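Read-outs throughout are calculated quantities, based only on the coordinates presented, and are distinct from any laboratory measurement. Bear in mind that the values here come from a model prediction, so they are computed numbers and not experimental data. Note that we place each Cβ from the backbone using ideal geometry, even for glycine, and neighbour counts take in every protein chain shown.
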């Protein structure tokens, strides 16, 4: 480009030639991305998991949680291959009302377990998702400050994404991978909002209910079903001026538990108080858990429960697969849109519309 400023009559002015602009993107950047995204084979995943590689374990869990069909196929192959190496852990489900201090308590529980260097701890936390945006904060690691820096710990938060059943199945498969990777203690933390407790109870060996004292009626909001599932109830924040309230709440829960039938395990649930923040009473809780483990392994209930859970998850998987097959069918999708319009225009009832759609689906399957 000619600069008029360089004309002889403007000798006092000089415009130097510009420097060519450098590319805004590092030319080596793409090749680095390709190297990072190299897809592992099923055997590489399995080998990595069996040698306890946390990075490969995390990648495998991501495959399990993926909604892509091709990822589902790979994930199921991995699960099948590591299955013979699983089952050698003690699984503890932890639930409680929001704000009961579950994550802070898990931080203290985990640090107690890690005093024994033989222990490897996996923490699987189901994080509640927004019903509107489907987003999830996944902030459990921020509330487990000490555990998140430990070498023998694997923390994996998973968004519930409005489908507790699906997350529960994926959590169940993640437990298998963690056990194959050598984790002998597994915590499963629930969202603490009702239905998730039933799902988590069906995949753990011991179910712990965390409750607070000093919130008014101590039994209010605690559904009978959750209390019947609990193998122990622990009252958190039993420290400072709250000790007497915690002891009073514990006595109320003990009285309530006497009204329930004895669990199939033969174990009588106990109630303890502790402080997750200050680490008080943690040892007593794990003495109780050790006694429970010895009790159910001694009377055969431990193996019976594991076998019952395996059957339960077979049926749950069948239900989930049927549901996916139904709603992913293109013809059914089109028919559902038509039936929706007919319902809104009062041409048919919801029940009749459902029958027509199901008849079409099952007739199609028979052909």
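Tabulated data for the structure shown
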item: Percent of alpha-carbon pairs separated by more than 17 Å within region 40-85; result: 20 percent
item: Convex hull of region 309-367 built on C-alpha atoms - directionally averaged projected area, nm²; result: 4.9 nm²
item: Segment residue 347-residue 362, length gained on full extension (0.36 nm per residue, minus Cα span); result: 3.1 nm
item: Size descriptor, Kirkwood hydrodynamic radius, that averages inverse alpha-carbon separations across region 244-302, Å; result: 13.0 Å
item: Residue exposure sequence - 288, 57 - by fewest surrounding Cβ within 10 Å; result: 288, 57
item: Proxy reagent accessibility, fewest Cβ within 10 Å first, across 207, 109, 248; result: 248, 207, 109
item: Relative exposure of 312, 361, judged by other C-beta atoms within 10 Å (fewest first); result: 312, 361
